[in-house]
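The values are calculated or read from the model by the stated rules, or taken from the named source; none is laboratory data. All values derive from a computational prediction rather than experimental measurement. Heads up, the Cβs are rebuilt from the backbone with ideal geometry, glycines too, and the neighbour counts pull from every protein chain shown.
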């Protein structure tokens, strides 16, 4: 299902903006996930494992938790508790990365590309299970988005939206 925003401008840039602006906000994980995707698409790889995502994903969440403790609408999260323990130096980075891989992606991979309860028209990745572990196969849409004139602004835009959600 598309928003009127997407119908007016069905470009890949519009799809990305719709995800950042109108996607679900029950947790801010989507913003950390967006930042991780933007970083990894620059490596020219087409297949991404959770192991590839854990460091940038957790780094962005920890950075934001240090500034604003509220990162989701639910009262508790085992993953955010692990991030808070890392900030308090009660958990090593190795353990944080292990917790991120185990708990951090539970819903965000499936929910990220959903706007108004429907998948965006040209998904940026597909999820595949390899030996019971999720891997993302980047689509041509995300690789094309990387060549967009506006690509350089996407990380800043996601971060700005993240800050608005945190303070709402």
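General observations
- Total residues in segment 54-72 satisfying the condition of being touching a strand residue (DSSP E or B) at 6+ places or on another chain (Cβ under 7 Å) and part of a helix (DSSP H, G or I): the figure is 0.
- Exactly one residue out of 63, 84 is surrounded by 13 or more Cβ atoms within 10 Å (Cβ to Cβ) and over 17 Å from the mean Cα position of the chain (by Cα): that is 84.
- Of all residues in segment 130-150, those being in contact (Cβ under 8 Å) with a residue 12 or more places away in the chain and either surrounded by 17 or more Cβ atoms within 10 Å (Cβ to Cβ) or in a helix (DSSP H, G or I) (or both) number 8.
- Being over 21 Å from residue 164 (Cβ atoms) and touching a residue at least 60 places away in the same chain (Cβ under 8 Å) holds for only one residue in 28, 46, and it is 46.
- Under the condition of being farther than 16 Å from residue 103 by Cβ and buried (at least 21 other Cβ atoms within 10 Å of the Cβ), the residues counted in segment 66-81 number 0.
- Criterion: in a helix (DSSP H, G or I) and surrounded by fewer than 16 Cβ atoms within 10 Å (Cβ to Cβ) - qualifying residue of 51, 18, 34: 51
- Evaluating residue 146 against the criteria (1) under 19 Å from residue 42 (Cα atoms); (2) modelled with pLDDT of 90 or more; (3) over 15 Å from the mean Cα position of the chain (by Cα) leaves one unmet condition, (2).
- Enumeration of residues in segment 22-31 that are assigned to a helix (DSSP H, G or I), at pLDDT below 90 and buried (at least 16 other Cβ atoms within 10 Å of the Cβ): 29
- Hey, residue 102 more than 18 Å from residue 64 (Cβ to Cβ), surrounded by 14 or more Cβ atoms within 10 Å (Cβ to Cβ) and without any contact (Cβ under 8 Å) to a residue 60 or more places away in the chain or not: yes
- Condition broken by residue 156, with the remaining ones in (1) over 14 Å from the mean Cα position of the chain (by Cα); (2) free of Cβ contacts under 8 Å to residues at least 40 places away in the same chain satisfied: (1)
- Positions within segment 39-48 being surrounded by 15 or more Cβ atoms within 10 Å (Cβ to Cβ) and closer than 12 Å to residue 125 by Cβ, in sequence order: 40, 41, 48
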